[in-house]
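Peer 1: Before we start, here is the structure in question, set down as structure tokens.
The values are calculated or read from the model by the stated rules, or taken from the named source; none is laboratory data. This is a predicted model, so every value here is computed, not measured. Glycine gets a Cβ as well: all are built from the backbone with ideal geometry, and neighbour counts include every protein chain shown.
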Amino acid sequence: MRAIYLYLFFMLGLLVACGQSPQNSNATPKKATQAQEASAPKINQEIKTVLKELLPQCEKVEYVFYKKGMSFSTETAGANSVLPFYNFISDTEVTPHQCKFDGGAVFRSPDGDIVMTGDFVLNDQNCRSFKVTAKGKTYYQAMDETGFQYLMRFYNIDMGKGQG
């Protein structure tokens, strides 16, 4: 009789242990999934809708760059200069930051009205982004590599060359 009680006690212990095992094994993946979701980049579909609507309304982009204690400006005009920003500005959000901006852009209509503005960080890899202000809202977005290279061509202009 004593053997039966030991056997039942052992089986009960096994059932309890097995019953807890799946709960514990589910807890770890759930925590891992939550951590992965928290670290996954957040996609902002709204920014692409805004860019698709506003960029075709723009005729030119005026830039200001801040570099080594000075600033300089330039502008580009035409659809070939404006429309690529649809791809330059990623739909991946970045956290709003207090990083130093390396320049800004004003997107103007053919009548000269400001359609949208942007500020960009080029030199700080931890903050490389494009802050877009349009339709009364501000969006902090990642910058596509082609957009970064495009803006760096202006930023790296040697202001001392060609003068003489």
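Peer 1: May I ask you to say which residue of VAL82, VAL94, VAL132, VAL121 is out of contact with any helix residue (DSSP H, G or I) (no Cβ under 8 Å at 6 or more places or on another chain), within 18 Å of THR49 (Cα to Cα) and of a type outside the set (Lys, Arg)?
Peer 2: Residue meeting the stated conditions: VAL94.
Peer 1: On the given criteria, is GLU46 surrounded by 12 or more Cβ atoms within 10 Å (Cβ to Cβ), assigned to a helix (DSSP H, G or I), modelled with pLDDT of 50 or more and out of contact with any Leu (no Cβ under 8 Å at 6 or more places or on another chain)?
Peer 2: So GLU46 passes the test.
Peer 1: Further, regarding this structure: Taking the condition in contact with a helix residue (DSSP H, G or I) (Cβ under 7 Å, 6 or more places away or on another chain), modelled with pLDDT of 95 or more and among the hydrophobic types (A, V, I, L, M, F, W, C), does MET152 pass?
Peer 2: Taking the combined requirement at face value, the residue does not satisfy it.
Peer 1: Then there's this: Given the structure, is PHE65 surrounded by 14 or more Cβ atoms within 10 Å (Cβ to Cβ) and in a loop (DSSP other than H, G, I, E, B)?
Peer 2: In short, no.
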